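Report on the structure given below.
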Amino acid sequence: MAFLSILRQWQGERRWLWRLVFGLVVAAVAIVVLARQVQWEVALVHLRDVRPGWVVATVACVLTTNIAKALRWRWLFPADRDPPPRWDTFGALMVGQTLNFMLPLRAGDLSRALLMGRYRQASTAAAVGTIGAEKVIDLSIMGLMVALVLPSVILPAWMGSADRGVTVGALVGMVAWLGILLTLPHFQRAVAALGERFQALRLLSRLLLRFLEGLTALRHTRRVPYVLGWSALAWGCAILTNYLLLRALGLPATWLSSLLVVLIIQGGISVPLAPGQIGVFEALAVLALSLTGISAEAALAFGIWLHLIVMGIPILSSLWWLGRRA
């Protein structure tokens, strides 16, 4: 048994090592591609030529985005129990975002669900369900934004498959939301009956019921307006962040380019590959802004500043929250 335990641990460490190596390769490839596209001397000039007042406004906007996401998450918890405190919700969300940047396969989402269970004695399975509800909402909103953007932008031919992927994802989100509205109570009753009938499935039934509780806010008529309102504020601030940062760097700032950056970066980093998304994040920013005629050097400076801000706020916030919790 001890040997099997050691073997499993070694295999787990080996998988982690392979993921790290793969992520480093992805980051290296992205950096090499950028190095061939940009003149670094010009990029450094753009990087230094920044207006501090606009940067402060950008930081405030990113912080507002995260606060709106935290308040939305709070409204997604089951209505028959006291919602988690705003501070704990924000702190757990910041820890999850930090880990999502660093770890593969959205491990930060599971981590924030575990943290909420630890600090609030809430059901981890229900917290995972609320995160699933978040994804349904965000996929639906991204689909609507893609529909608004596509008629205004001529995309390269090779991006056609990516656009179809986002559109399919958005349709899946909308269908999932509709399915939850129509069938969630029936599914909950069926799962409960299954657990009562088969004792071996009782634990699984309880966990699944807890998970389904986290989806109930999507069909709760009094909660949906709040959830949609905070979602609209979060996505609106995300777009405004890019607009403000473009102004900070003295670049042509349009709502179309700001929206393109949101869609392409959000879609590109939805599955974390490189540690910290180093190189990948900046390459996606260059891609998005190149579609609106901004030079690669200026777009790279924009991507570096945006990356520092959107990573820095969760890291500092999570360290502060964990420090107060220790």
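Computed from the coordinates by the stated procedures, all read-outs in this text should not be read as laboratory data. Every value quoted in this text rests on a predicted model; they were computed, and no experiment measured them. A quick note on method: Cβ atoms are made from the backbone with ideal geometry, for glycine too, and the neighbour counts reach across all protein chains shown.
Assorted remarks:
- Taken along the Cα-to-beta-carbon direction at a fixed 7 Å, the label points for Asp49 and Leu322 span 4.0 nm.
- Here the peptides 202-210, 88-96 are ranked by packing, the mean other Cβ count within 10 Å, and the order with the highest first is 88-96, 202-210.
- Approximating the spin labels as points 7 Å out from Cα along Cα→Cβ, the Arg206-to-Lys135 distance works out to 2.5 nm.
- At q = 0.17, 0.21, 0.23 Å⁻¹, base-10 log of I(q)/I(0) for segment 232-326 (Debye sum, equal scatterers on each alpha carbon): -0.73, -1.04, -1.19
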